[in-house]
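A short worksheet on the structure shown next.
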């Protein structure tokens, strides 16, 4: 039995679904992927704002790491708020067609990580966010390649 949200997602035109790795009419797969990433990132930031997340920060990781292209960090006011935000983001990513979304940390909801491939979202309780200080770790410049021997 199909759900209403599943039927709505299938009813969308193929051009409205966000799918990575598709080749555009110009054949530029890289440009297409960047456009999809930008749309997904913009959507995630808007959804976090709608869910009343606090301290929303987006960090560009393209020149810093190969784990993802972007990292988003936000806080919820309590463990229930963190869980509700994470659940909402997860559902909306699935609705727009982002495949293989993985979620970690929903049991305690102190720190929930949502991995959508090229975008990783961290949602913290404020005191946990302050303890780990991910913004400080990832916002800095990447050290040069010169090493002392």
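Tell me, which residue of the range 105-121 that is crowded, with 19+ Cβ neighbours inside 10 Å and under 8 Å from the mean Cα position of the chain (by Cα) is modelled with the lowest pLDDT?
My answer is 118.
For residue 100, are the conditions met, namely being part of a loop (DSSP other than H, G, I, E, B) and more than 17 Å from residue 51 (Cα to Cα)? Don't jump to the end; show me each part of the working.
Values: part of a loop (DSSP other than H, G, I, E, B): yes; more than 17 Å from residue 51 (Cα to Cα): yes.
Spelling it out, residue 100 is indeed part of a loop (DSSP other than H, G, I, E, B) and more than 17 Å from residue 51 (Cα to Cα).
Quick check on my filter: what residues within the range 59-80 are free of Cβ contacts under 8 Å to residues at least 60 places away in the same chain and surrounded by 17 or more Cβ atoms within 10 Å (Cβ to Cβ)?
68, 69, 70, 72, 74, 75, 76
Being free of Cβ contacts under 8 Å to residues at least 12 places away in the same chain and not in a helix (DSSP H, G or I) is the filter here, so list the residues in the range 122-140 that pass it. Give the steps one after another, and end with the answer.
First pass over the range 122-140, keeping only residues free of Cβ contacts under 8 Å to residues at least 12 places away in the same chain: 127, 130-131, 133, 136-137, 140.
Within the range 122-140, 133, 140 meet the criteria.
For the range 52-59, does any single residue satisfy the condition of being part of a helix (DSSP H, G or I) and under 12 Å from the mean Cα position of the chain (by Cα)?
If we filter the range 52-59 for residues that are part of a helix (DSSP H, G or I), which is where we start, we get none.
No, the conditions are met nowhere in the range 52-59.
The values are calculated or read from the model by the stated rules, or taken from the named source; none is laboratory data. The structure displayed is predicted, hence computed values, not measured ones. In this analysis, Cβ positions are derived from the backbone assuming ideal geometry, glycine residues included, and neighbour counts consider all displayed protein chains.
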